[in-house]
Every structure is written in C-alpha cells, then in structure tokens.
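The values are calculated or read from the model by the stated rules, or taken from the named source; none is laboratory data. Keep in mind that what you see is a predicted model, and the values were worked out from it rather than measured. Ideal geometry is used to build each Cβ from the backbone, glycine not excepted, and the neighbour counts take in all protein chains shown.
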Amino acid sequence: MVDVLVIGSGGAGMVAALSAKEAGATVMVVGKSYPTRSQTCMAQGGINAAIGESDSVSAHIADTLKSSQGLGDKKAIAKLCEEGIEAVAWLDKIGLPFSRSAESKIAQRRLGGASADRACYAQDYTGLKILHTLYDNCLKNQITFLNEHFLLELITQEDQEVKRVVGAVFKSLKSGELTSIYARSIIMATGGYSRVYDHYSTNATGSSGDGLAVALRAGAILSDMEFVQFHPTGLKNASILISESARGAGGHLLNAHGERFTDELQPRDSLSRAIDVEIQKSGAVFLDIRHLGENFIDHELPQERKLAKLYENVDPVTDVIPIKPVAHYTMGGIAVDDNAESNLEGLFAVGECANHNVHGANRLGGNSLLELVVFGKEAGKQAALSAQAIDDVAENSEVQAEVAYKLEMIKSYTNEIDFYQKRQELGTLFYHFAGITRSEEGLSSALEQVHGMQHELPKMGILDSSDIYNTNLIEFLEFINMLTLAETMLVAMLERRESRGAHAREDFSEKDDLLYAKHSAIILHYQRIEIGYTTMQREGV
C-alpha cells in the first residue's frame with residue numbers, strides 16, 4: 001500500500017506526484033501507456049502566465065472569466081491566474097527549455113481570446129517538452145511508475161454513510177493479470193473524453209474517458225459533460241491538431257475564394273462556428289502562414305510544417321493548409337472542490353478528467369497546461385495531507401473477483417457485430433448531432449442510437465482471447481466506457497436548453513442565465529443516469 005496512488009501518467013499526474021512526494025508521501029503512478037505518450041504532448045501553443053510588461057494578472061482573470069461564459073468560478077480562476085507566474089517560474093527552474101526573446105526572457109505569444117501576449121512557449125512543442133521535463137524530475141525523485149496498466153474499477157468502503165475510495169483494480173496489458181493497488185489517497189489524472197468523436201478528434205485513441213466512467217460507477221459526480229471544445233484548426237483529412245500558435249504568430253484563415261472572413265484570434269467556440277459556417281457556404285477553409293516566411297516557420301512552427309506535409313501533402317511555406325474544426329478538449333469532468341477532492345472521500349482529480357470550474361463553457365487557449373501545474377500541485381499536496389489522517393485501509397478481494405467475473409462474461413459474448421465499426425459510427429454520430437451545433441431532434445436521435453449500442457454490447461464480442469497484450473479486449477473496454485460517457489454527454493446536452501460557449505443549440509440559440517447559469521451534475525443511480533443543476537460552491541461539491 002502507498003500513501004498516494006496517482007492514476008494517469010500525463011502532465012497533471014506527474015505534477016501531482018511530485019507535489020505529493022515533496023509533501024512527504026509515498027507515491028505510485030499507474031498509467032495506461034507511458035508518461036511521454038500522454039495527451040499533454042498535444043498542447044502545443046503554450047502555457048499562460050501574466051509575466052509580460054503589457055499584461056497583468058487581473059487581465060488574465062478577466063479573459064478567463066469572459067471565455068467561461070458565466071460558468072467560471074471567480075475564486076478558482078483567481079487562483080489559477082495568480083499562481084500562473086510562479087508555475088512558469090517553477091517549470092523554468094526544473095529545466096523546461098522555453099523559447100527565448102532577444103533579451104533572453106521567456107518568449108510569449110498571443111492565443112485566441114487573450115488580451116495580451118501571454119502564452120509562454122517552447123517552439124510548438126510546449127506540452128511535449130513539459131512532459132519530458134516532468135518525467136526527468138519524477139525519475140530524479142525516485143517516484144515509482146507502473147506503466148501499461150488499464151484501470152478497471154475503484155475500490156471503495158463505506159463507514160457511517162461516508163464512502164471512501166481506498167484502491168483500484170488494474171489489468172496488466174503485458175501479462176493480462178489483475179492487480180489491486182491500495183492507497184490512503186487516490187488522484188485521478190486520466191485525461192479527457194473527446195475520443196467519443198473518434199476520427200473527428202485531435203486526441204489519441206487512448207482519450208476514452210476511462211477515469212470518468214470508472215469514477216461515475218463508484219459514485220462520483222460528473223459535471224458540465226455537455227461542454228466539448230472544438231479546435232478551429234484540425235487538418236481536414238486527418239483531424240491532427242494544427243496549433244493555435246500558428247494563428248498566434250499571425251496566420252490567416254481563408255475561404256475557398258482566398259478571402260479572409262473572420263477574426264483569427266477570437267475565442268475557440270466562436271471561431272469554430274465561424275469556420276463551420278464558412279465551410280458550408282464556400283466549401284472549404286484554409287490556414288495560411290506563407291507570409292511568415294520559411295525561416296520563421298522552421299524556427300517557431302517546425303511541428304506544424306511537418307504535420308501538414310505528412311498528413312495533407314502540403315508545405316505551409318508555399319501552400320495553404322486545408323483545415324476543419326474537430327473535437328479537442330473536454331471542459332466537463334469529475335466535480336471537485338477547493339482541495340481538488342471529489343464527493344467521494346479520498347478521491348482527488350486533476351487535469352482534463354477533473355472540473356475545477358476554471359474553464360466553464362469554453363476554455364481559454366493556454367490555460368490547460370497552466371491548470372495541470374497549479375491544480376496538480378494542489379491535488380498532490382491535499383492528497384498527501386489526507387493520507388496522513390488515514391491508517392491502513394482494509395483490503396477487499398470482492399471487487400477484483402467481480403471484475404474477473406465480468407471479464408470472463410465478456411469472453412462469452414458473440415461476435416455478430418463489429419464494435420470497431422460501431423465505435424466509428426459513434427464518432428460520426430456525435431460529430432454531426434452533438435458537435436459544433438446541436439438540436440433536440442438530433443440529440444434525441446443520437447441518444448436513442450447510443451442506447452441501442454449499449455443494448456447490443458453482448459453481440460459485439462472480442463476475437464482475441466489471449467492474455468498477453470490483448471489490445472482487442474482493452475479497446476472493447478474503452479468502447480464500453482465511451483458509451484457510458486456518450487450517454488452522460490447527450491443527457492446533459494439535451495437538458496441544457498440554451499446556447500453558451502461550446503454548447504450551441506439551433507433550437508435555443510440564446511443564453512438563458514435565469515435557468516442555466518449553473519453547472520450540470522450527473523450521477524449514476526441504480527444504473528440510471530440522473531442529472532440536476534448546482535451552483536457548485538467552491539467550499540465543497
């Protein structure tokens with residue numbers, strides 16, 4: 001048993017692990033893949049901090065509140081922005097190779113929705129370099145990693161009507177064996193769920209929302225699941241992200257006639273809708289950075305040039321880049337309080353799987369990397385403090401036995417239906433009916449089809465029955481989790497009868513502050529999804 005178990009080895013998980021270790025806790029990090037392969041590497045544009053002479057913390061707070069469309073918590077946003085300067089200084093201190101200005105200061109660029117050049121960056125590899133830096137420091141601090149272990153369920157215990165999370169059950173990808181790991185505190189840092197949109201997402205296939213689905217089954221509250229941010233500039237054919245840094249550096253958006261048609265640095269929700277409308281009107285939209293010059297592109301945007309050449313067969317130095325908006329970041333997640341703790345005692349959450357109420361209805365570009373540092377540190381510290389108050393927890397072999405039984409049942413499923421095809425259908429369904437714009441008719445149809453897929457799961461059995469690296473089984477388990485989250489998303493989208501930030505309803509096109517200036521809250525009650533609304537006061541959830 002360890003003091004703090006961190007589930008998820010991306011940026012948020014590693015910051016939390018370092019913070020917990022610094023607070024004196026014994027720490028173990030368990031990941032589905034490897035630390036440097038996490039989704040954090042796709043955060044290319046930069047990390048916000050008001051360190052520029054023309055910027056201020058108050059301006060950063062104002063921009064974040066404006067972007068959140070009335071659903072951002074002022075206290076949480078103030079913490080995020082006020083600690084941003086220290087967060088960047090900490091990353092610089094532990095070795096992050098920031099790009100530098102001519103005066104050797106940390107270089108900054110302006111991203112959409114910002115009132116100043118605020119995003120500190122390392123070329124267009126900021127997230128990847130943060131991952132490498134964090135991993136190096138975790139190794140230096142002798143933090144234990146257990147890679148290639150898939151999260152199956154949380155282990156809970158109840159005492160006087162208080163439910164506490166005391167462990168988790170994992171399946172080793174390498175051996176297929178089940179393992180139960182017990183801890184005094186657990187931090188969920190498993191990332192977001194935008195892969196529900198399948199090939200219409202910038203995210204890797206692993207972004208299946210496993211941590212949220214598992215937490216929901218254990219009794220955690222999920223909030224704001226209807227808010228999914230579409231990135232304005234995904235490559236047209238591959239949906240690979242072309243970083244906002246390209247527009248921040250002065251890139252233009254052109255329609256099929258070669259004309260600029262909108263403000264390239266408006267917030268992502270507005271820009272994605274503008275691009276979507278223009279694609280329907282003129283047939284295509286392109287990102288143009290040719291005027292920036294080859295030297296600038298190779299020095300500041302080398303990854304964007306490589307991606308465009310590899311996936312679209314165009315060279316941004318001489319050609320325009322065909323783009324479309326695609327699902328990118330999920331604002332919803334496990335509801336947490338000031339201490340990053342969920343409604344389940346001992347379960348903390350951080351990063352994209354958590355909802356700290358700082359992004360609201362639309363995340364400000366550059367705040368995701370900042371969030372994982374600021375709240376990663378807070379989660380690690382609070383989880384370590386919580387662990388100090390807990391004696392050894394009682395082990396419970398029943399949960400692992402139940403998991404083993406369910407896995408055996410899956411092996412008995414027939415294979416009449418190819419779940420890979422259904423997974424692709426789910427993504428297409430969501431992109432068209434639960435995407436940039438939505439309506440009751442489309443959402444209701446999508447929900448009916450999701451229920452149909454859930455009902456047909458016993459007919460979607462796997463073909464591989466082996467134990468060693470059975471990716472067929474893991475991908476089926478991910479699909480089950482995605483269907484669970486798909487249902488929560490559609491229920492939340494249907495219930496919110498207004499348009500706010502990333503949630504745009506054709507049939508309710510205006511914002512309704514009287515009814516919906518609140519957070520949606522979803523629980524699983526007797527295997528049924530139930531939704532309500534709450535102001536989510538920061539002193540608790």
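Quick notes
- Taking the criterion of being basic (Lys, Arg) and part of a helix (DSSP H, G or I), the residues of region 31-77 that qualify are Arg37, Lys66, Lys74, Lys75.
- Test for Gly376: is it part of a helix (DSSP H, G or I) and not hydrophobic (A, V, I, L, M, F, W, C): yes
- Scanning region 297-315 for residues that are over 26 Å from the mean Cα position of the chain (by Cα) and assigned to a helix (DSSP H, G or I) yields Ile297, Asp298, His299, Lys309.
- Residue within region 10-18 that is within 24 Å of Ile334 (Cβ to Cβ), assigned to a strand (DSSP E or B) and under 21 Å from the mean Cα position of the chain (by Cα) present: no
- Restricting region 157-187 to residues that are on the phi > 0 side of the Ramachandran plot and free of Cβ contacts under 8 Å to residues at least 40 places away in the same chain, the residue that is farthest from the chain's Cα centre (by Cα): Gln160
- Evaluating Tyr413 against the criteria (1) in contact (Cβ under 8 Å) with a residue 60 or more places away in the chain; (2) closer than 22 Å to Ala486 by Cβ; (3) not in a helix (DSSP H, G or I) leaves one unmet condition, (1).
- Test: residue in region 506-524 that is over 22 Å from the mean Cα position of the chain (by Cα), of a type outside the set (Lys, Arg), surrounded by 18 or more Cβ atoms within 10 Å (Cβ to Cβ) and part of a helix (DSSP H, G or I): yes
- Set Gly365, Gly376, Gly333: member being under 28 Å from Gly501 (Cβ atoms) and modelled with pLDDT under 95: Gly365
- Residue in region 313-326 that is surrounded by fewer than 23 Cβ atoms within 10 Å (Cβ to Cβ), free of Cβ contacts under 8 Å to residues at least 24 places away in the same chain and either hydrophobic (A, V, I, L, M, F, W, C) or out of contact with any helix residue (DSSP H, G or I) (no Cβ under 6 Å at 6 or more places or on another chain) (or both) present: yes
- A single member of Thr36, Thr26 is within 30 Å of Lys174 (Cα to Cα), surrounded by fewer than 18 Cβ atoms within 10 Å (Cβ to Cβ) and at pLDDT 95 or above, and it is Thr26.
So that you can scan it fast, the table gives a plain yes or no per residue for (1) within 15 Å of Glu371 (Cα to Cα); (2) surrounded by fewer than 24 Cβ atoms within 10 Å (Cβ to Cβ):
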residue	(1), (2)
Gly52	no, yes
Ala59	no, yes
Ala62	no, yes
Ser68	yes, no
Asp73	yes, yes
Ile77	yes, no
Glu82	yes, yes
Ile94	no, yes
Phe98	no, yes
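- Complete set of residues in region 237-264 that are part of a loop (DSSP other than H, G, I, E, B) and touching a Lys or Arg at 6+ places or on another chain (Cβ under 6 Å): Glu264
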